[in-house]
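For reference, the structure discussed in these notes is given below.
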Amino acid sequence: MSTPESMGHSSLRQLQGVGFGPSVEGEAIVSRQGFNARYDLDRDQGVFSRPGHDHFGLSPAGKIYIFTTPKGGIATSWALLDLQQRGLAPLALVCQRANPVVIQGAVLAGMALLDRFDQDPVQFVRTGDRVRLTPATGLLQIL
Amino acid sequence: MALALDAEQQAMRDGRLGEPLRWAIEQQVRVGEFFGAQRLVAVDSALIGAEVGIMGEAGLRQIEALAQAGARFRIPTITAACSVDFERATRYGVSQSQVDMEHHLHRLLRDMGCIDSATCINYQTVSPPRFRQHLAWGDTGAVAFANGVAGARSNYEGGPASIAAALTGLVPAYGFHLDAQRKASRVFEVLTPLCGTADWSALGAWVGTQVADYWTVPAVVVPQANPGIDDLKHFAAAAASFGSVAMFHVVGCTPEAPTLQDACGGPPPARREQVDRADLLRAFPLLSPDCKPDLVVFSAPQLSIPEVMRIIACLGSRKVAPGTRMIITTNAQVQGELQRTGLLSQLEDAGVELLAGTCFYVMAPAIVKRTLGAHSVLTPSTKLANILRGAGYEAALASVEDCVEAAVRAQEVIA
């Protein structure tokens, strides 16, 4: 598969996936790692706390958080609601293939989520890109 | 495609059977439709993940609202490990307020009809699963065990989803409730002999890391494999923890895999991924050779009676050395049996600390780390080692026997 570097980052402006939740627009924070709220986040502060995490010390709050795959346990489904009510949650979640725990959490929190893309979103969106999610049609657009 | 509901299910969704059931089934319908489920299926038990440590005040308020609205669980519902040992947590620096919140939560859950066993090894103690039984279990290691080892059927049901299932007695029929989803598409051939739970835990970590996908089912081929239930329990927990794996086969050992062909539901893939000893060593971090572990922890999952007996046998008449702490976590059922047979006081006399109803990594790991002044930990559980690395520990794996030796001799066993 072509990388953003080899094909030109701007050449791909949208990806087709499957979505849930409200349409949202915001800044992307893209991780090349998996995600689990227990393993990776300091949930008091809402920042990535796992040593070696590619956004260590940063917060996904209010951003469209794009990651590779959910990891491990059940913690994420409660944690999304808790983070959201404290203003620390991402605006939306994007990954190539979600597991049930992430979907259950997004449904509980009413948070937008997209997965099952025709191309891997981690390869095509960069941290800082402005993106729009339209879950009803499954569309992720880089603005 | 819309998920079909029968008359009672539609009444739940319309709110005619009360707000808790409306709240529950609405989530289930949305999740089910996202995954293309066409119906809901009845489940025989729920294992619910509810601990204040992870659900926070938002989750606690949700449970309060359900309890106040008269919510009652329809099926046998067991609590998964909670975030404190109620008797001992404050000794480890956990605040009384967190213990009180956890008490409050568990009282609410009991009022709703919960069997409050606080265990992640319900499959070894209070509610063993049955072949082809549909379940709504929350703890991911327990789900992987139920699917893989017992041939039962469950998806990962996270905290709110497992409570929803306990209320409705139903789950959306997708994923591992369906025959087609349970077939292996990747085959791992193990070339090294496996000895003890730590080896199986390392294999689970390796396979989980390679698979890294909930929807992919691995089949493991281990020549002359004769794993015990505790070996498979550690494999399941690690594969789930490292790779979100919820279903697996060990050919010749697990019920849906008498042969590799059966595991794959037809001709196996041409490629077999070979696993040797070096791969297992890569699956977990090592302490540096000159580092002495501050803690030796047996946890994740909670220990069974045979696992505790193994530790007692390794200890013999020796005691944990000064400067090292050895901690075991288990559930109240195992603790009760240890107490009844005099083994608990034997462990305590040897300087071993027991925690019940929790798991080491769920009990306020940052606070406990500070209280114990601990930096390094040795454990036979790759799941624990991995999670504790995230909490800032240096963590390494060793066999149960080597972990005990490290604790009593207070010297490193890792070369």
query: Tell me, what ³J(HN,Hα) does each residue in region B:250-262 have, in order and in whole Hz, if you take phi through Karplus 6.51 cos²θ - 1.76 cosθ + 1.60 with θ = phi - 60° and put x for Gly and Pro?
result: 10, 4, x, 10, 10, x, 9, 9, x, 9, 4, 4, 4
- prompt: With each label point set 7 Å from Cα along the Cα-Cβ vector, what nm distance links B:Arg409 and A:Gln141?
  reply: 6.6 nm
task: Rank the residues B:Cys253, B:Cys114 as a footprinting-exposure proxy: fewest other Cβ atoms within 10 Å of their Cβ go first.
output: B:Cys253, B:Cys114
query: Which three extents, in whole angstrom, do the alpha-carbon atoms of region A:30-128 cover along their principal axes, largest first?
result: 34, 28, 24
- request: Note down the relative contact order for chain A as a percent, whole number, built from C-alpha pairs under 8 angstrom at least six residues apart.
  value: 37 percent
field: For region B:31-38, Karplus couplings with θ = phi - 60° (6.51, -1.76, 1.60), whole Hz, Gly/Pro x
entry: 5, x, 5, 4, 9, x, 5, 9
- line: Note on chain B, DSSP bridge orientation, antiparallel percent to nearest 5 equals 10 percent
field: Cβ charges +1 (Lys, Arg) and -1 (Asp, Glu), total dipole of chain B, debye
entry: 260 debye
message: Could you identify which residue out of B:Thr192, B:Thr119, B:Thr330 has the top mean-square fluctuation in a GNM of chain B using Cα springs shorter than 10 Å?
response: B:Thr192
- line: The rounded separation in angstrom of the Cα centers of region B:320-349 and region A:64-93 is 36 Å
field: Residues of type lysines that A:Lys71 reaches as a straight line, Cα spacing below 24 Å, ignoring anything fewer than 8 places off in the same chain
entry: A:Lys63, B:Lys183, B:Lys233, B:Lys369, B:Lys383
field: Directionally averaged projected area (convex hull, Cα atoms, region B:117-231), nm²
entry: 7.7 nm²
Neighbour net charge for B:Thr330 - beta-carbon separation under 11 angstrom, K R +1, D E -1: -3
- prompt: Please report, for the Cα atoms of chain B, the Rg to one decimal and the Dmax as a whole number; what are they, in angstrom?
  reply: 21.4, 67
message: As a test, work out the antiparallel percent of DSSP beta bridges whose residues both lie in the protein assembly as shown, rounded to the nearest 5.
response: 30 percent
field: Expected 222 nm ellipticity per residue - DSSP helices of 4 or more, -39500 (n - 2.57), all of chain A, to 500
entry: -5500 deg cm²/dmol
statement: Computed, not fitted: 222 nm per-residue ellipticity of chain B from DSSP H runs ≥ 4 (each -39500 (n - 2.57)), nearest 500, equal to -12000 deg cm²/dmol
Cα-Cα pairs of region B:327-409 separated by more than 17 Å (percent): 53 percent
- line: Quick note on A:Asp54, B:Asp262, ordering by fewest other C-beta atoms within 10 Å, gives A:Asp54, B:Asp262
task: Would you pull out the residues with amide H under 5 Å of B:His375's amide H, same chain only if 5 or more places away, H placed 1.01 Å from N?
output: B:Asp294
- prompt: Ranking A:Lys63, B:Lys233, B:Lys319 by Cβ neighbours within 10 Å, fewest first, what do you get?
  reply: B:Lys319, A:Lys63, B:Lys233
field: B:Leu170 long-range amide H proximity, modeled H, under 5 Å
entry: B:Val43
message: Given contacts defined as C-alpha pairs under 8 Å and at least six residues apart, what's the relative contact order of region B:58-138, whole-number percent?
response: 40 percent
task: Give me the Kirkwood hydrodynamic radius of region B:1-157, using the inverse of the mean 1/r over all pairs of distinct Cα atoms, in Å to one decimal.
output: 16.8 Å
statement: Under the Karplus relation with 6.51, -1.76 and 1.60 and θ = phi - 60°, whole-Hz ³J(HN,Hα) for region A:108-121, x at Gly and Pro, equal 4, 8, x, 9, 5, 8, 10, 8, 6, 7, 6, 9, 6, x
message: Below 8 Å, C-alpha to C-alpha, sequence gap of six or more: please give me the relative contact order for region B:1-109 in percent.
response: 27 percent
- line: Charge dipole of region B:355-415 built from unit charges on the beta carbon (Lys, Arg +1; Asp, Glu -1), centred at mean Cα; most positive-end Cα among B:Leu397, B:Met363, B:Pro380 is B:Met363
- prompt: Which one of B:Leu347, B:Ile311, B:Thr329 has its Cα pushed farthest toward the positive end of the charge dipole of region B:297-403, where Lys and Arg give +1 and Asp and Glu give -1 at the Cβ?
  reply: B:Thr329
- request: About the Cα centre of the protein assembly as shown, how large is the charge dipole given +1 on each Lys and Arg Cβ and -1 on each Asp and Glu Cβ? Please answer in debye to the nearest 20.
  value: 460 debye
query: Anyone know which of B:Gly351, B:Gly15, B:Gly243 comes out most mobile in the 10 Å Cα GNM of chain B?
result: B:Gly15
task: Would you tally the net charge around A:Leu143, using a Cβ to Cβ cut-off of less than 12 Å, leaving A:Leu143 out, and scoring K and R as +1, D and E as -1?
output: 0
message: For a quick size check, give me the Cα extents of the protein assembly as shown along its three principal axes, largest first, whole Å.
response: 66, 58, 47
message: Taking the Cα centroid of region B:96-160 and of region B:194-231, what is the distance between the two, rounded to the nearest whole Å?
response: 22 Å
query: In terms of modelled amide H atoms, which long-range or inter-chain residues lie less than 5 Å from the amide H of B:Glu157?
result: B:Trp137, B:Gly138
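No lab work stands behind these numbers, since they all come straight from the coordinates. These figures come from a predicted structure and were not determined experimentally. Quick reminder, even Gly has a Cβ in these numbers, built from the backbone with ideal geometry, and neighbours come from all protein chains shown.
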